[in-house]
Amino acid sequence: MNILDFQQDIQQGIPAIIPAKKAIDSTVNHAPKRKEILSLEEKKLALRNALRYFPKNQHEELAEDFLNELETYGRIYMLRYRPDYKMYARPIDEYPGKSLKAKAIMLMIQNNLDYAVAQHPHELITYGGNGAVFQNWIQYRLTMKYLSEMTDEQTLVMYSGHPMGLFPSHTSAPRVVVTNGMVIPNYSKPDDWEKMNALGVSQYGQMTAGSYMYIGPQGIVHGTTITVLNGFRKIKKSPTGSLFVTSGLGGMSGAQPKAGNISGCVTVCAEVNPKITKIRHEQGWINEICEDIDELVARVRVAQSNKEVISIAYLGNIVDVWEKFDQENIHIDLGSDQTSLHNPWAGGYYPVGQSFEASNEMMANNPELFKTKVKETLVRHAAAVNKHTAKGTYFFDYGNAFLLEASRAGADVMAPNGIDFKYPSYVQDIMGPMCFDYGFGPFRWVCASGKPQDLQKTDDIACAVLEEMMKHSPVEIQQQMADNIQWIKGAQQNKLVVGSQARILYADAEGRMRIAEAFNKAIANGEVGPIILGRDHHDVSGTDSPYRETSNIYDGSRFTADMAIQNVIGDSFRGATWVSIHNGGGVGWGEVINGGFGMLLDGSAEADRLLKMMLHWDVNNGIARRSWARNEGAVFAIKRAMEMEPALKVTVPENVEDSIIEGIFSAVKS
Ligand SMILES: NC(=O)c1ccc[n+]([C@@H]2O[C@H](COP(=O)([O-])OP(=O)(O)OC[C@H]3O[C@@H](n4cnc5c(N)ncnc54)[C@H](O)[C@@H]3O)[C@@H](O)[C@H]2O)c1
């Protein structure tokens, strides 16, 4: 399809004539059938909801088709409306429309649905099994049409994938405001999502899926590398010759062995699914596959003594690895787990002692037995981990709800106080105190021209800014600066781009602002085309998630969500091009509130003004909250931020002496 046809297709929105049905394309990865959740009356409601997008004279024909989809897939995707043009992030000037900002959003939406990027592109799922951009193809078509006709004095309002419409606003307001899965808290159980999603009234946006800010595996490789590197620093051990044991070679977990290699250790990663294991091997994300546990033991001993930098996939259950390494006295330095325990009963975690096929069969035909087996496995899994940690292994939860589900299964994972877990989450010990508390988080940008040379130029600009900043950085953040300079220098060589010309980099508020300012200047000088800024929601300020992003908050406020809500509101009136706020993401529906933004830099003076105001808030909001929770690094960071910006005045905590608190209670007792 040529550009003109593509533009016309976008502008027509919903086709006037019902298109022919599309055959299922078996070369594309499809979402599993969703669980049967609707009653007969609710199915009728789902159909009424779906048909309201179409003129009356089409209802009869479409009703039959949509009911068929509902029965077959558990959802109505409106598959016949999937466009025929190729789905990818086109150069920004190929999009039709009146607003450059709206075109930037179209580019990012198409990137999230690119077949090379999205997990289940036909079901509009970008990642994480259920991270949706839209609920159906009509929402996609209508949204693209609105974006193609809007001006810079309108804002498009998105309710969980549904474009409610264009509302008058003003030039520095966001062009799009996205909410995903926002429900009344008492109706936020997993089955509430299943039902509302099947009815077509809510969706799980994950983090960067429903906010159009996913950039493929690069983001996770970077974050995982930072975690593994800092994990070894935490235990004061060199990665060389040290052993990292974990599991999962899926969408995000697959980054672990690559990160292990970049860090320079020996990695063993168990995976039960032979197909995924083979793919990761072919992609070069793991070096070797071992199918026999005794062979694995022998291979690991050699790798440890030769101090090899190597990643080995064990095709089998992770519990077998932990148990066998205990019997054989193989010392594990760093241990974790990245099976999908946010989804334990539907394929996220496989029971030990069963083949992959037998487990899948049991899951579908005997779900209760499957649940029992999963719980038994979790108990064994935790017991084996406990034996290793007693011998000195450092184990951390990797944001996959391992400790939460293990505790629910009755495993021995609770701390003596019965409230906390025995082991930290990676945010508690690593990411929180070493990165987030200082404002370092996953800043990212996309070169909207689509030109690799623009990305190369922006890498050089970012590197020069960081090197300049590092000359004057306080000692507390020197390590982070050095890690990121090293990352950006190796980025081109590591060939991390999948989909749009994007880059991720951990930077603090000052770094983000200075890099963005330099980009805007380069755009103004004609050195590069427009640039879209954004970030992962897994960041300093955007996400309230008590078992992940905010797990290192100890003042009792980690179950509150003021920070994420304040963040999205604050970003929206400080110049973000689009903002989003979601219920659910990473750790499960009802377990987290997270938000993000996108911001177009076009080289203008206005963009320069807005980027400074917005990025400053976007990071310092979270530092202020982390500081108020008495986190040492954040207290340092917010005081430094106030010195740098006199208009910033934040309430800082005074720490009471323990002796006063203890004394007053013992006085009351006596
Ligand atoms: N720490 C982070 O930064 C971070 C980021 C994103 C996601 N996560 C969480 O990590 C988890 C994994 O994400 P993903 O996208 O890789 O999911 P995924 O479902 O694609 O991959 C998980 C893999 O684990 C395998 N597996 C399940 N049980 C196993 C067992 N007992 N032994 C061996 N292998 C087993 C599965 O076959 C699957 O391939 C999710 O819960 C996700 O929310 C963490």
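The values are calculated or read from the model by the stated rules, or taken from the named source; none is laboratory data. What you are looking at is a predicted structure, and each value in this text was computed from that prediction instead of being measured. Note: ideal-geometry Cβ built from the backbone for every residue, glycine included; neighbour counts use all protein chains shown.
Taken over the range 375-414, the residue count meeting the criterion of being out of contact with any Lys or Arg (no Cβ under 8 Å at 6 or more places or on another chain), within 13 Å of the ligand (Cβ to nearest atom) and not in a helix (DSSP H, G or I) is 5.
In the set Thr208, Thr277, Thr224, Thr246, only one residue is free of Cβ contacts under 8 Å to residues at least 40 places away in the same chain and under 21 Å from the mean Cα position of the chain (by Cα); that residue is Thr224.
Of the residues Ile286, Ile318, Ile293, Ile310, the single one that is in contact (Cβ under 8 Å) with a residue 40 or more places away in the chain and away from the ligand (no atom under 11 Å from the Cβ) is Ile310.
Looking across the range 321-336, the residues that are touching a strand residue (DSSP E or B) at 6+ places or on another chain (Cβ under 8 Å) and either of a type outside the set (Val, Ile, Thr) or within 16 Å of the ligand (Cβ to nearest atom) (or both) come down to Val321, Trp322, Phe325, His331, Ile332, Asp333, Leu334, Gly335, Ser336. Please specify each residue of the range 350-359 satisfying the condition of being within 10 Å of the ligand (Cβ to nearest atom) and assigned to a helix (DSSP H, G or I). Within the range 350-359, Phe356, Ser359 qualify. Look at Ala298 and say whether it is under 30 Å from Asp571 (Cβ atoms) and either within 14 Å of the ligand (Cβ to nearest atom) or out of contact with any helix residue (DSSP H, G or I) (no Cβ under 8 Å at 6 or more places or on another chain) (or both). Answer is no for this residue.
Given (1) touching a Pro at 6+ places or on another chain (Cβ under 9 Å); (2) within 15 Å of Gly250 (Cα to Cα), where does Asn287 come up short, assuming only one miss? Condition not satisfied by Asn287: (2). Scanning the range 108-123 for residues that are within 16 Å of the ligand (Cβ to nearest atom) and farther than 15 Å from Gly205 by Cα yields a total of 1. If you filter the range 233-261 down to residues that are among the hydrophobic types (A, V, I, L, M, F, W, C) and crowded, with 21+ Cβ neighbours inside 10 Å, you find that the one that is nearest to Ile330 (Cα to Cα) is Leu243. Checking each residue in the range 324-349 for being crowded, with 20+ Cβ neighbours inside 10 Å and part of a helix (DSSP H, G or I) picks out only Phe325. Tell me yes or no: at least one residue of the range 424-435 is within 14 Å of the ligand (Cβ to nearest atom), on the phi < 0 side of the Ramachandran plot, buried (at least 24 other Cβ atoms within 10 Å of the Cβ) and of a type in the set (D, E, K, R). The answer is no, given that none of the residues of the range 424-435 is within 14 Å of the ligand (Cβ to nearest atom), on the phi < 0 side of the Ramachandran plot, buried (at least 24 other Cβ atoms within 10 Å of the Cβ) and of a type in the set (D, E, K, R).
Per-residue answers, yes or no, for (1) over 20 Å from Leu45 (Cβ atoms); (2) of a type outside the set (Ser, Thr, Tyr); (3) in the same structural domain as Thr577 (by TED's automatic domain parsing); (4) touching a strand residue (DSSP E or B) at 6+ places or on another chain (Cβ under 7 Å):
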position: Met87; (1), (2), (3), (4): yes, yes, no, no
position: Arg90; (1), (2), (3), (4): yes, yes, no, no
position: Gly97; (1), (2), (3), (4): yes, yes, no, no
position: Ile105; (1), (2), (3), (4): yes, yes, no, yes
position: Tyr127; (1), (2), (3), (4): yes, no, no, no
position: Asn136; (1), (2), (3), (4): no, yes, no, no
position: Thr151; (1), (2), (3), (4): yes, no, no, no
